[in-house]
Amino acid sequence: MAVGRKQIWMMTEEELAHVKARMEQLLIERGVHLDHDPMLKDLAACGCIVDMETKDVKFTKELIDKAIAAVPAEFTLYSPSGTRDLKFPNPEGKFYTRTNTGAPNYRTVDGDTHYVKPEEVDEWYHVTNAMENLDFVTLPSTSGEYVPGDAVDVYTLEKALKYSAKHIWIQPYEADNVQHLIDMSAAAVGGYEELRKRPIVSMIACSVPVLTYKHMDAEILYLSAKYGVPVQPCSLPTAGANTPVTAQGTAFVASAEVFAQIVMLELLCPGLPVIATPLLFSMDMQSTYTLQSNTEITMARLMAMEIFERGYNIRAHSYGTGTDSLILDAQNFIERTSLTQAMALGAGSVLGGAGQLETAKTINPIQLIIDNEIFGIAQRLRLGFDVNDETLDWDELIAGIDKDPFFSYLMSEHTFRHYEEPHRPDMFNRDGVARWEMEGSKDLLTKAREKFDAIMATPDTYQLPADKAAAVEEKLRIAHKALVKE
Amino acid sequence: MNPYDAIFQNTLDGNEQGVLAACQELLDQGYRPIDILEQGLIPAMDHLGELLGRGERFVPQVLFSAKAMQSAVSYLQPVLMAQNELPPEPNVVVVGTVQGDIHTIGKNLVSIMLQSTGSRVIDLGANVSAERYIKAIRESGARVVCLSALLTSSMNRMRQIVREIQKEDFGWPVKIILGGGPITPSFARELNVTFGGSMVDTTQKANAFSVGLTDGAASVDR
């Protein structure tokens, strides 16, 4: 496989240095607002300038430098199955991918859309386990109609721990639930120390623009630092609504909010694995609808990835697929393919959002299967290629091997060495009309549906061992008793 | 030439100083402030709403126009009071983001739009409990309450709050409008309340209900 990766940068070195300096200045002079007294006290003990009354925190340049120096250059996010552990940086030069998180709606393969049901969570993990280009998963947002509304996240995590072969990224829904989510994850691997050594889960914590962290998200940061659970700290700004309307301004604010979380985490728990996760949106200035796939916001994502990866050598993560279209139409595939390809050529280490429609509000297994295909193409783009005499086929050309009337490139030694290299998407048509008609004139959606049926007809490849599953269930019972207000 | 043209155009353009200057000019010429309001400012905002609906204006333009109109109304208020010509009592609308959620963008936009179309808005902010909504409705006499949520996890809380409000007997009908990222028409239908699909849609539905009240024709959610 080729290794000559080509990369696009959105900023000159001078611009990048300017953004970094401004970001640090923001943390030093303006600081952040953090609604969590124990964490405020711990940050004060670390040397931060903390006002316990206003709950504002400021940082010094020395603290920022110390925290950033503590970010591990290499780490692993583990998988429950042990078969999909994710080493960072990716040793093959690829990016990692994940499913969409937080969508309340599920669109079935038959097109029915409704709030996510528990059995659809099972179905979802059955499909994600089978996706070769999908590296880790999130929690579909099971509806409070089907599981207790106060404990949606813990009930969904139980399913993820039982059925997902892949690393799980957890989005807690209530501050009180965070401890229980960690307890369940620890039960799945055999204890808290084991979870620290082999984190099969990582956490989402989100800021509220600008530079505010509500209690729940502060609790996520605080407990993740306490238990050594990796965090992929997020910022989800909407350009023009709660951050500057310019893509650059929104990338800057989001990056600063993520950066502040990383600084706090590394001060509380030096060496904690973190992945900077600015997930940017923009507001349409006519409909006021929040957009995921607008062109400028894709450029903002590229800029944010660059701030962390190139600016600080910190791994970064953002949307790599998705659409504002409500259905599987041409807009959908234009948006998600252009987004994926742009991000593949950027600096991000993780590209997310697989399976989503409708600005991340709906997930659909057919879309997931097609995203798996798009990711395969994008991975090939990410890897780039080498340009040298071997790839130019210099030796054969200078020797004039093609002058032989019986020569064909099909028979050349060079072809024999390289013919397997082109990426071949699993479901794409690569033949003429006659054969296509003979095989049923199937389009991509039909083939994706067939693939779905085949996956579901095959027994799932992973299930948590029974003793660990029982331990998780016990923790779920405890969580239910503590959280659910009957 | 229509004497209110300058008011109309400056309001459309969001030109606050221009609107104030035009108001002063008409007042100096002896025009009644109530006419300036009803024939200049309000038609401009109505027209702007139409332009926005047709995709011919952008939200920031509407907000600047709303700001210009609010300044003009504040400017005219003392004259209106002096002439004992106050406009009709405005509709009162309670708005807030439900408990467990602190996202305020959509809620704030709805507040601004409602104010710009003449409603008095009781903005309860974010993380609002059922008790606070109920208290605000009772104290203000509001006939419309708008509940907003962005987080999927807030929908359950929203459901509980709606049921609490529906249980209350205010002594007058109260329309409940739900909006926000994860909220769908079917969710609103399930709770027997109204779905607000956007800032404009919510404002129109709130205003239509208020108009409907005077006609005795509005639907009632509580």
Of all residues in the stretch A:453-468, count the ones that are closer than 23 Å to A:His167 by Cβ and not in a loop (DSSP other than H, G, I, E, B). 5
For B:Ala218, all conditions in the list (1) outside any helix (DSSP H, G or I); (2) at pLDDT 95 or above; (3) away from chain A (no Cβ under 14 Å) hold save one; what is the number of the exception? (2)
State yes or no: is A:Glu62 among the charged types (D, E, K, R) and surrounded by fewer than 13 Cβ atoms within 10 Å (Cβ to Cβ)? yes
Any hit, the stretch A:440-451, residues being exposed (fewer than 14 other Cβ atoms within 10 Å of the Cβ) and touching a helix residue (DSSP H, G or I) at 6+ places or on another chain (Cβ under 7 Å): no
Can you tell which of A:Asp217, A:Asp150, A:Asp183 is modelled with pLDDT under 95 and in a helix (DSSP H, G or I)? A:Asp150
A careful count of residues in the stretch A:21-59 that are surrounded by fewer than 18 Cβ atoms within 10 Å (Cβ to Cβ) and under 28 Å from A:Ala347 (Cβ atoms) gives 6
Exactly one condition in (1) part of a helix (DSSP H, G or I); (2) more than 18 Å from the chain's Cα centre (by Cα); (3) surrounded by fewer than 17 Cβ atoms within 10 Å (Cβ to Cβ); (4) of a type outside the set (D, E, K, R) is false for B:Gly40; which is it? (3)
Pick from the stretch B:138-149 the residues that are of a type outside the set (S, T, N, Q) and crowded, with 24+ Cβ neighbours inside 10 Å: which of them is nearest to the other protein chains (Cβ to nearest Cβ)? B:Ala149
If you take the residues in the stretch A:280-309 that are away from chain B (no Cβ under 14 Å) and among the β-branched types (Val, Ile, Thr), which one is farthest from B:Ser198 (Cα to Cα)? A:Ile307
Residues of the stretch B:31-64 being within 14 Å of chain A (Cβ to nearest Cβ) and small (Gly, Ala, Ser), in sequence order, are B:Gly49, B:Gly53, B:Gly55
Is the stretch B:82-92 home to any residue that is closer than 29 Å to B:Gly197 by Cα and at pLDDT 90 or above? yes
Is it the case that some residue within the stretch B:24-36 is surrounded by 15 or more Cβ atoms within 10 Å (Cβ to Cβ), within 21 Å of the chain's Cα centre (by Cα) and assigned to a helix (DSSP H, G or I)? yes
Being crowded, with 16+ Cβ neighbours inside 10 Å and among the polar types (S, T, N, Q) is the filter; apply it to the stretch B:72-105 and report the residue that is farthest from the other protein chains (Cβ to nearest Cβ). B:Asn91
Looking only at the stretch A:162-215, and only at residues there that are away from chain B (no Cβ under 14 Å) and of a type in the set (Phe, Trp, Tyr), the one that is farthest from the chain's Cα centre (by Cα): A:Tyr192
One residue is enough: does the stretch B:73-92 have a residue meeting the conditions touching a residue at least 60 places away in the same chain (Cβ under 8 Å), assigned to a strand (DSSP E or B) and either at positive phi or in contact with a Ser or Thr (Cβ under 6 Å, 6 or more places away or on another chain) (or both)? no
Selected residue [within 27 Å of A:Tyr78 (Cβ to Cβ), modelled with pLDDT of 95 or more and outside any loop (DSSP other than H, G, I, E, B)] from A:Glu266, A:Glu306: A:Glu266
Condition check for A:Thr97: closer than 23 Å to A:Arg380 by Cβ and in a strand (DSSP E or B): yes
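The values are calculated or read from the model by the stated rules, or taken from the named source; none is laboratory data. Computed from a prediction, not measured in an experiment: that's the story for all the values here. Every residue, glycine among them, receives a Cβ derived from its backbone with ideal geometry; neighbour counts consider all protein chains shown.
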